[in-house]
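Notes to accompany the following structure.
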Amino acid sequence: MKRLFVCVIAMLLLLPQGVTGRASAGDVDVNGYLALVRRSNEDIRASLRLVEAKYFSVRSALATQRPAAGLKGNASRVTGDTGGDYTLSVAVTHRFDISGIYGAQERQLVLGYEIAASEHVATVNSLLAQAEQTYWSAVLARANVQLQKDTLAQRLEDLRVTEEKYANQLVPKLDVIRASAKVEESRSFLVEAEALYTDALSRLAALAGGEEAVPVRTELLVPDRTVSADFEAAWTARPDVRAGTLSVERAKVLRSLAAKGMSPTLDGSVGYVFLTDSAKSTPPEQEAIFSLTVGVPVSDGGATKANVREKEKTLEAANASLRSKRNEVTKELALAENEWKSAVAVELSKRQQVARSDEELKITQLMYKEGMGAQIDLLNAQVENRKVRTEHLNAIKDMYFALVSLRKAIGQYVAGYSNTYAGGK
């Protein structure tokens, strides 16, 4: 069992198998950041320590199945007596398993440990999904900062053109005031965007155990779908499903144990007296004693019957919970699938709107510079352009979030792991 424990903990520390990448503080790609979270997140560490504690709890409980040895010394004296009695002895005691209880006890304890390990992996699956969402939120927040900078630069240029036209008495002072107001509005949008980006970086660091992490600067691309909503794959890979399956198996073992409540017992002991001055000592000095004690329960007041009924209800509850988990997996996959389809449709629509808005803004700016367009048309085009470009960024973010939901729903963050830990295949 010690070898099993070492293997399990090693695999827990390496989890998830499919996530690799640079895991140092500073600029990291998404795989590197997930590796950093896996290594440094305090919730993951705490969960792992609970699994380790569960292992030692199992070992402690199983110790009662092994022989126990003890050294015993006693002394006594009666008031008014000139001497006293003393005895020094050693004894080895053991309860023999004549009803098959020990095997069932060990099985249910190991299953409890495996359930704890599965719940730990489920925690990791959820936290890594949250970490990836946070990563893409930071990436898109930084892209929004750049968008607001571009918008501000554009409006500063429009202000320069307006001031030049005003200096040549081609536009009224009102146009300059309007252009200046739009510049200040853009500055406020930029400040807000930078604050949101800073918040996103703080969330990245919090999930990584306080280590600084900045998304690597790469071209922001519309993601391709790399995962399918396969129910069977999800049912096989998800650690919470495995925990539910193990809970059903453990409930069956506990019911079997409860049915053995009236089983006979056989206790054996070996004792040896090293030293004594008592004539009544059993056994005498430097003699050994062997004993076997058989216990056959006749009545326990209905405790066994009630315990069996309790365990049957627990088994029914575990089966119901597993059936509920099947419905939950189906629902999560359907929601993630719909989320992806919706995000794809919205992104395509917003991309087309951005293309049209960019063209409209370009034409409007040219017409305004040439004196053939009104400033109000330019301002409206600027507002609309900023709006649709921001919406397009949000649509891309929703696509990344949908992929994360799909990966989480099928347990991809811990794929290849959940069937191999805790005495797996």
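The values are calculated or read from the model by the stated rules, or taken from the named source; none is laboratory data. This structure is a prediction, so every number in the text was calculated from the model and none was measured. Cβ placement follows ideal geometry from the backbone for every residue including glycine, while neighbour counts extend to all protein chains displayed. Quick note on the areas: whole protein, heavy atoms, side chains included, nothing else; ligands and nucleic acids left out. Shrake-Rupley method; radii C 1.70, N 1.55, O 1.52, S 1.80 Å.
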Quiz item: Whole-Å semi-axes of the range 101-164's equivalent ellipsoid, largest first, each the root of 5 times a Cα gyration tensor eigenvalue?
Solution: 62, 4, 4
Quiz item: Between TYR272 and ASP43, what is the FRET efficiency for a Förster distance of 60 Å, r being their Cβ-Cβ separation, to the nearest 0.05?
Solution: 0.65
Quiz item: Considering only protein heavy atoms, what is the solvent-accessible area of TRP235 at a probe of 1.4 Å, reported in Å² to the nearest 10?
Solution: 50 Å²
Quiz prompt | Extension gain, ILE376 back to ARG356 (0.36 nm per residue minus Cα-Cα distance, nm) | solution = 5.3 nm
Quiz item: Angle between the Cα long axis of helix 173-207 and the longest principal axis of the chain, 0 to 90 degrees, nearest 10?
Solution: 20 degrees
Exercise. Mind telling me which of VAL171, VAL78, VAL354 comes out most flexible in a GNM of the chain, alpha-carbon contacts under 10 Å?
Key: VAL78
Exercise. Sum -39500 (n - 2.57) across every DSSP H segment of at least 4 residues in the chain, then divide by the residue count to get the 222 nm mean residue ellipticity, nearest 500.
Key: -23500 deg cm²/dmol
Practice problem: Please report the base-10 log of the normalised intensity I(q)/I(0) for the chain, using a Debye sum with one equal scatterer per alpha carbon and no solvent, at each q in 0.07 (1/Å). | Solution: -0.59
Practice problem: For each pair in LYS260/LYS313; LYS182/LYS369; LYS54/LYS331; LYS350/LYS408, compute the distance between the two Cα atoms and list the pairs where it is over 23 Å. | Solution: LYS54/LYS331; LYS350/LYS408
Practice problem: Provide the net charge surrounding VAL241, with neighbours chosen by a C-beta distance below 10 Å and charges set as Lys +1, Arg +1, Asp -1, Glu -1. | Solution: +2
Self-check item: Inverse of mean 1/r across different Cα pairs in the range 184-235, Kirkwood, Å
Solution: 14.6 Å
Exercise. Specify, per residue and in Å³, the volume enclosed by the convex hull of the alpha carbon atoms belonging to the range 284-425.
Key: 299 Å³
Self-check item: Gaussian network model of the chain, springs between alpha carbon atoms under 10 Å - residue of ALA343, ALA117, ALA303 with greatest fluctuation
Solution: ALA303
Self-check item: Computed FRET value (nearest 0.05) for LEU348 with LEU62, which takes r as the C-beta separation and R₀ as 56 Å
Solution: 0.40
Quiz item: At a Förster radius of 30 Å, what calculated FRET efficiency corresponds to the Cβ-Cβ distance of ASN319 and SER291, to the nearest 0.05?
Solution: 0.10
Practice problem: Would you kindly find the accessible area of VAL273, with a 1.4 Å probe and non-protein molecules such as ligands, DNA and RNA excluded, rounding to the nearest 10 Å²? | Solution: 10 Å²
Quiz prompt | Along each principal axis, Cα extent of the range 102-249, largest first, Å | solution = 99, 33, 24
Quiz item: Of the accessible area of the range 326-388, with the probe set at 1.4 angstrom, what percent is carbon plus sulfur?
Solution: 55 percent
Quiz item: With axes computed from alpha carbons, what is the tilt in degrees of helix 42-62 against the longest principal axis of the chain, rounded to the nearest 10 within 0 to 90?
Solution: 10 degrees
Practice problem: Specify the angular offset, from 0 to 90 degrees and rounded to the nearest 10, of the alpha carbon long axis of helix 303-369 from the longest principal axis of the alpha carbons in the chain. | Solution: 10 degrees
Quiz item: Which sequence of PHE274, PHE56 reflects their accessible areas, 1.4 Å probe, from the largest down?
Solution: PHE56, PHE274
Self-check item: ARG49 accessible area, 1.4 Å probe, all protein chains in place, Å² to nearest 10
Solution: 130 Å²
